[in-house]
Amino acid sequence: AQKVTQAQTEISVVEKEDVTLDCVYETRDTTYYLFWYKQPPSGELVFLIRRNSFDEQNEISGRYSWNFQKSTSSFNFTITASQVVDSAVYFCALISNFGNEKLTFGTGTRLTIIP
Amino acid sequence: DTGVSQNPRHKITKRGQNVTFRCDPISEHNRLYWYRQTLGQGPEFLTYFQNEAQLEKSRLLSDRFSAERPKGSFSTLEIQRTEQGDSAMYLCASSGTSGGDIEQFFGPGTRLTVL
C-alpha cells in the first residue's frame, strides 16, 4: 500500500516571504517516484518536478527548491520570495511498484500569497 | 505542441442519465490515465491504458463506468445511470513513449454535476 500525507491544509504568507510545503510518503517498495503538481484556480494540474527514489540530490529551479530525505520519507517543497502567482493548491504524489503507474496523491495544500 | 485536451469542460445532467467524456492525449504519448477529483481532495486513480489496452481499473470504477481507447489515441469515459455521488472533476492525463517517461501531464478536466 502507498500513501501520501500533506498535513498542511492551508497556508497563507505575505508576498516575498519564503514558504515550505510538507510531504510525507509511505511505500514498501524500494523503487518509487515522487512528484509535485500545482493546481491554480483555473483547475489544470501542472507538473513541477519528479524525483526518483535512488536520487536524493536536492533540486533548485529558480525560486523553487525540493528537499528529498529518504530517512524521514519526506519530499518538501520550498518557494523562495513568494509571489501572488504562486497562489494555488499544491499536490505531492507518488508512483511506486513501477509498472503499476497510477499516481497516489496527497490531499493538497492550499497556498495563498497575500499581496 | 498541444497538451492534453478534454471535452466537454462542463456537463450538467440529471440523475439516471448517461454521460460520455472525451480525452485527447499528447500526440506521441502511448499511456493514458483517468482520475476523479472531488472538492478538497487530491485526484484518485480510475483507470489506465497503454496504447489501446486497458491495463488497470480501480475498484472506484463501478460497473456503471466504462472507458475505451479504441485506436490507442483518444479515450472516452462513459458513466451510465449517473448518481449524485458521481459529481466530480474527471481528469485525464497522458505520459510518454519510453519506459522512463512517467511524468503524467493533465488536461483541464471535465466537471460533472449530477442534479
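The values are calculated or read from the model by the stated rules, or taken from the named source; none is laboratory data. What you see is a predicted model; the values in this text were computed from it and never measured. All Cβ positions, glycine included, derive from the backbone under ideal geometry; neighbour counts span all protein chains shown.
Contact map, region A:18-41: first residue at positive phi, second residue not hydroxyl-bearing (Ser, Thr, Tyr), Cβ cut-off under 6 Å, separation 6 or more or different chains; the map is empty.
Would you confirm, using the coordinates I've provided, whether B:VAL4 is surrounded by 13 or more Cβ atoms within 10 Å (Cβ to Cβ), at negative phi and within 14 Å of chain A (Cβ to nearest Cβ)? For B:VAL4, the condition - surrounded by 13 or more Cβ atoms within 10 Å (Cβ to Cβ), at negative phi and within 14 Å of chain A (Cβ to nearest Cβ) - is met. For region B:69-100, filtered to residues that are within 10 Å of chain A (Cβ to nearest Cβ) and touching a residue at least 40 places away in the same chain (Cβ under 8 Å), the residue that is surrounded by the fewest Cβ atoms within 10 Å (Cβ to Cβ) is B:MET89.
Does A:ALA7 satisfy the criteria of being closer than 27 Å to B:GLY107 by Cα, away from every other protein chain (no Cβ under 13 Å) and either at pLDDT 95 or above or in a strand (DSSP E or B) (or both)?
Criteria met by A:ALA7.
Selection within region A:68-94: residues that are in contact (Cβ under 8 Å) with a residue 24 or more places away in the chain and over 19 Å from A:VAL13 (Cα atoms). The member of this set that is surrounded by the most Cβ atoms within 10 Å (Cβ to Cβ) is A:CYS92.
The conditions of being facing chain B (nearest Cβ under 7 Å), over 11 Å from the mean Cα position of the chain (by Cα) and in a strand (DSSP E or B) are not met by A:ILE113.
Considering only region A:14-58, state which residues are in contact with a helix residue (DSSP H, G or I) (Cβ under 9 Å, 6 or more places away or on another chain) and not in a loop (DSSP other than H, G, I, E, B). Lay out the reasoning, then the answer.
Let us first name the residues in region A:14-58 that are in contact with a helix residue (DSSP H, G or I) (Cβ under 9 Å, 6 or more places away or on another chain), namely A:15, A:19, A:24, A:38, A:40, A:53, A:56.
Correct list: A:VAL19, A:VAL24, A:LYS38.
The set of residues in region A:40-52 that are surrounded by 18 or more Cβ atoms within 10 Å (Cβ to Cβ) and more than 9 Å from chain B (Cβ to nearest Cβ) contains only A:ARG51. Scanning region B:57-67 for residues that are touching an Asp or Glu at 6+ places or on another chain (Cβ under 8 Å) and not in a loop (DSSP other than H, G, I, E, B), we see that the one that is nearest to the other protein chains (Cβ to nearest Cβ) is B:ALA67. Scanning region A:65-79 turns up no residue that is part of a strand (DSSP E or B), within 28 Å of B:THR47 (Cβ to Cβ) and within 14 Å of chain B (Cβ to nearest Cβ).
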